[in-house]
Amino acid sequence: MPHPAMPDPQAYFLDGPELPEGVTRFWLVRHGIVNKAARQTMYGSLDVGLCPTHLASQRTAYRHLAHRIPDNALWLTSPLKRARDTGHAIRNEGTFTAPLTTEPSFIEQSMGEWNGTPHDIFPTLIKKPTPPFWSIAADERPPKGESMTDVRIRVGAALDSLAQKKEGNDMVILSHGGAIRMALAHCLNISEDTALRFTIQNLSLTIIEHISQQWRVIAVNELPAFGGQA
């Protein structure tokens, strides 16, 4: 079979700040800050809620994201409440009409039986040396949970599928720090350990494109303007 045609580099060169329409583009948003009790634990795939105080004080950031994201984008969210509620908070600041659809593939890494373990106890459970900026080795799978390798496989498969089914669309994905790192691992064809060196902060935006069967990264960990309390 012939190889797919490579994109013409000049055809997709970006001269200015505006991103052209008609490109298959993903806007990956990490959820807002969760409640204080959850932040003391490895909450992983537990369904914890957003912190009401931060949700109120960071309204400017949600408004900024609403202005940054195209009005005609499709919207997908992890099934977890913190991602879904982040999506609602952004949408409330904009004029979006597409429904918010749940996509389970973009859920955070499951710690299985270790979900909810306090941070000071978690190191006593793991079996392998940890990477410098993550709490568990990429190839270690907690009991009844997932390794980061598992997360990369499911996130990558979902991105590939959406890129084919929704070609030419902008898509917002409300997701999680680990899942977004593994999206980058998939798109850049790098190891999970290398991708764990990316910083993905709460409410940050990571933008990737799929052009002629090739992945391109536009932005990583782009932070909105937080400003003062709205």
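The values are calculated or read from the model by the stated rules, or taken from the named source; none is laboratory data. Since the model is a prediction, treat every value here as computed from it, not as a measurement. Here Cβ is always computed from backbone atoms with ideal geometry, including for glycine, and neighbour counts include all displayed protein chains.
Could you grab me the full set of residues in the range 28-59 that are aliphatic (A, V, I, L, M), without any contact (Cβ under 8 Å) to a residue 60 or more places away in the chain and in contact with a helix residue (DSSP H, G or I) (Cβ under 9 Å, 6 or more places away or on another chain)?
VAL34, ALA38, VAL48, LEU50, LEU55, listed by residue number.
Taking the range 102-125, which residues are surrounded by 14 or more Cβ atoms within 10 Å (Cβ to Cβ) and out of contact with any Leu (no Cβ under 8 Å at 6 or more places or on another chain)?
Those that are surrounded by 14 or more Cβ atoms within 10 Å (Cβ to Cβ) and out of contact with any Leu (no Cβ under 8 Å at 6 or more places or on another chain): SER105, GLN109, SER110, MET111, GLY112, PHE122, LEU125.
Assuming GLY94 fulfils every condition listed in (1) under 19 Å from HIS31 (Cβ atoms); (2) touching a Cys at 6+ places or on another chain (Cβ under 9 Å) apart from one, which condition is it?
(2)
Considering every residue within the range 131-152, establish whether at least one is in a loop (DSSP other than H, G, I, E, B), of a type in the set (Ser, Thr, Tyr) and at negative phi.
Yes; the residues of the range 131-152 include at least one that is in a loop (DSSP other than H, G, I, E, B), of a type in the set (Ser, Thr, Tyr) and at negative phi.
What number goes with the only condition from (1) closer than 24 Å to ALA38 by Cα; (2) among the charged types (D, E, K, R); (3) surrounded by fewer than 21 Cβ atoms within 10 Å (Cβ to Cβ) that LYS128 does not pass?
The single condition LYS128 does not satisfy is (1).
Count, please, the residues in the range 95-123 that happen to be part of a strand (DSSP E or B) and more than 22 Å from the chain's Cα centre (by Cα).
Going through the range 95-123 one residue at a time, the tally reaches 2.
Which one of PHE96, PHE13 is of a type in the set (Phe, Trp, Tyr), out of contact with any strand residue (DSSP E or B) (no Cβ under 6 Å at 6 or more places or on another chain) and without any contact (Cβ under 8 Å) to a residue 12 or more places away in the chain?
PHE13
Select from the range 60-88 the residues that are in contact with a helix residue (DSSP H, G or I) (Cβ under 8 Å, 6 or more places away or on another chain) and not in a helix (DSSP H, G or I) and write down the one among them that is farthest from GLY145 (Cα to Cα).
Filtering the range 60-88 for residues that are in contact with a helix residue (DSSP H, G or I) (Cβ under 8 Å, 6 or more places away or on another chain) and not in a helix (DSSP H, G or I), the one farthest from GLY145 (Cα to Cα) comes out as ILE69.
Out of GLU103, GLU113, GLU21, GLU93, which single residue is among the acidic types (Asp, Glu) and modelled with pLDDT under 95?
After ruling out the rest, the residue left standing is GLU21.
Residue by residue, here is whether (1) among the acidic types (Asp, Glu); (2) in contact (Cβ under 8 Å) with a residue 24 or more places away in the chain; (3) surrounded by fewer than 19 Cβ atoms within 10 Å (Cβ to Cβ) holds:
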| residue | (1), (2), (3) |
| --- | --- |
| LEU188 | no, yes, yes |
| ASP193 | yes, yes, yes |
| LEU196 | no, yes, no |
| ASN202 | no, yes, no |
| GLY227 | no, yes, yes |
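Kindly establish whether PHE133 is surrounded by fewer than 16 Cβ atoms within 10 Å (Cβ to Cβ) and among the aromatic types (Phe, Trp, Tyr).
Judged against the criteria, PHE133 is a match.
Is there a residue in the range 164-179 that is without any contact (Cβ under 8 Å) to a residue 40 or more places away in the chain, under 29 Å from ASN115 (Cβ atoms) and more than 15 Å from the chain's Cα centre (by Cα)?
no
Exactly one of (1) under 30 Å from ASP15 (Cβ atoms); (2) in a strand (DSSP E or B) is unmet by ALA183. Its number?
(2)
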